[in-house]
Structures are given as structure tokens and as C-alpha cells.
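The structure under discussion appears below in the form of C-alpha cells.
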Amino acid sequence: MEYKHVVNRIMLMIALFISIFLNLQAQSISDSSTILIQRNLRYADAPLEIGQDTSSDRLLDLYLPHTKPMQSLPILVFIHGGGFSGGDKGAKGNVALCKEIAAKGYAVVSINYYLYLKQNKIQGASAGANMKDGLPKDGKFHTGLETAVKMASADTELALQWIKNHAENYALDTNRLAISGGSAGAMTALYTTYRSKQKILPIRCVVNFWGGLASTDDIRASAPPLLTFHGEQDDLINVAYAYALHKKMKELNIQQSEIHILKNMGHAIYNYITKNEINTIDKFLTSNMPAYE
């Protein structure tokens, strides 16, 4: 009886080890094969004055679902933050967010772009100096910040051209394209969508993580819907920017637009978004970029 008991314990332990091994193996397969990432694809020539600074270079990372799609993939362009003086598409929070969105069936194009305020130190041009206390009364930022946004937007347009040129190679659906960003990247996404005159590709909707525009006057009734997340206690970009954007969307009767004010939260809360709001983002993108029958 004792021998049988020992054998049973050994068999149970073996079964347990096999179960753990298979579970870890499955988890590894899921984690590593869900998303394919092609890093540092060049979407335009490097700016001349940046030297070896890849954070200011015109490079993109392409996140694709591993499984071959039944039809062309909807696209989300993601623009990282950093106050136009720092940040990188390869930052841990950016990568985690892009992976989770791509896992929902999107091609995510995450870009680096020319960081004007990194290459040009200008007193009073930072986002914090211009935006922490609310919207500017004259509807304008410091000229240095305005220039930084415009230059980042120009690079975003170059990335849109790359997408247009390479859509067939990667099975990208250029009729289902959204644009997103965090902080400075959100400012760039908002400017590109609502203020620039780009005609490269139609932008169907925007996901705004704690960004803002100096003025909402340029937003028209035909504007794409907007999904905004903003920390209630953001001390860098005042939450008033989120409310101003949403107010304008409601005035224009763009009913698909949403606002999510995150109570007791501050700036750049990527971990919270990645863990809690991916389904909200997916629902918004799906409803505004429906697949064609």
C-alpha cells in the first residue's frame, strides 16, 4: 500500500509538471506570436541636423496581427508624446499599448518624428508652460510650440504617404484609418486631423490621450469623431483642453465622439489605458471604421 501511495504521488507530480510546462509553453506562444513587429522602417529621409539621434528620425514600427487577415487591416497611426523634446516610439508604455491594440485586429503604425524642441531650445515654448493653466486666451500657443506641432504634423503626413505607398504590401485598408497619440503626439494627431489641409488619406476618427488644441475654431461639422481620455488632475496639459474639444464636437452634433475624464489621475497614464480601456478603444474604432461587406 505504501509503495502504491508513493507511485501515485510520483504520477501526480509528473502530471502537475506536464500541466505547468504545457501552460507556460502555450503562454509563451500566445505572447510571442500574437503580434508581428517590424521595427525602424524608414518612411522618409532623415532630417539633416539630427546626427545619430534616432528619436528625431523619420522611422516607424509596424505592428501586425500574426494571423493572416481575411481582408485588409484597419489602421491606427500612433504618435508618441514627450513635449516635442523627448520620447520615442520604443518606450515601454507605447509598445505595450500598440501591441494590445494590434491584438484586436489592427495594423498599428507607431512613428518617431522630428522633435523640434529637442533640436531647438526655446524659452517658454514647452507644452507645460503653455497648457498647464488652461487654454490660451488668444487661441495661440508660443510660436516655438506652434512650430513644433506643425513640424510633427508634417512628418505624420509623410508617414501617411508611406502607408498609402505600402498598403498593398502589408494588406492595409487605407479607407479605414484612424490616428492617435499621447500628449505631444495627441496634439499632433489633433492638428493633423482638424487643422492641417492634408489630402493624402482620409482620417476616419481620432483617439486623443491627454492632448489638446490651442483653439477649436477650425473644427468643422464634417470632422471625424473623437475619443478623448484625459486625467482629471493632469498638471501638464490642463483637463480644460479635453472639455473644450468635447464641447465643440457636441456643438457640431458629431454624436459618435466620446470623452472619458479619469478621476484622480494625472498625465501620461498609459498603463491604465492598456490595462483597462482597450475594449473601449476597439469599440470606438470599430463603430467608426466598419468593415465592408
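Values quoted throughout were computed directly from the atomic coordinates according to the rules given, and no laboratory measurement underlies them. From a predicted model like this one, the values you see are computed outputs, not experimental measurements. Note that we place each Cβ from the backbone using ideal geometry, even for glycine, and neighbour counts take in every protein chain shown.
Here's the yes/no breakdown for (1) surrounded by fewer than 24 Cβ atoms within 10 Å (Cβ to Cβ); (2) in contact with a Ser or Thr (Cβ under 8 Å, 6 or more places away or on another chain); (3) in contact (Cβ under 8 Å) with a residue 60 or more places away in the chain; (4) charged (D, E, K, R):
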{"residue": "Ile101", "(1), (2), (3), (4)": "no, no, yes, no"}
{"residue": "Ile122", "(1), (2), (3), (4)": "yes, no, no, no"}
{"residue": "Ala127", "(1), (2), (3), (4)": "no, yes, yes, no"}
{"residue": "Asp138", "(1), (2), (3), (4)": "yes, no, no, yes"}
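Okay, residues lined up against (1) crowded, with 21+ Cβ neighbours inside 10 Å; (2) closer than 23 Å to Val109 by Cβ:
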position: Lys197; (1), (2): no, yes
position: Phe229; (1), (2): yes, yes
position: Tyr243; (1), (2): no, no
position: Met265; (1), (2): no, no
position: Asp282; (1), (2): no, yes
position: Met289; (1), (2): no, yes
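Is at least one residue of the stretch 206-213 farther than 30 Å from Asn165 by Cβ and of a type outside the set (A, V, I, L, M, F, W, C)? It would help to see each step written out before you state the result.
Within the stretch 206-213, the subset farther than 30 Å from Asn165 by Cβ is 210, 212.
From what is left, the residues that are of a type outside the set (A, V, I, L, M, F, W, C) are 212.
Checked the stretch 206-213: at least one residue is farther than 30 Å from Asn165 by Cβ and of a type outside the set (A, V, I, L, M, F, W, C).
Could you list, in sequence order, all residues of the stretch 238-268 that are within 17 Å of the chain's Cα centre (by Cα) and either closer than 15 Å to Ser215 by Cα or among the aliphatic types (A, V, I, L, M) (or both)?
If the condition is that a residue be within 17 Å of the chain's Cα centre (by Cα) and either closer than 15 Å to Ser215 by Cα or among the aliphatic types (A, V, I, L, M) (or both), then Ala242, Ile259, Ala268 are the ones that fit.
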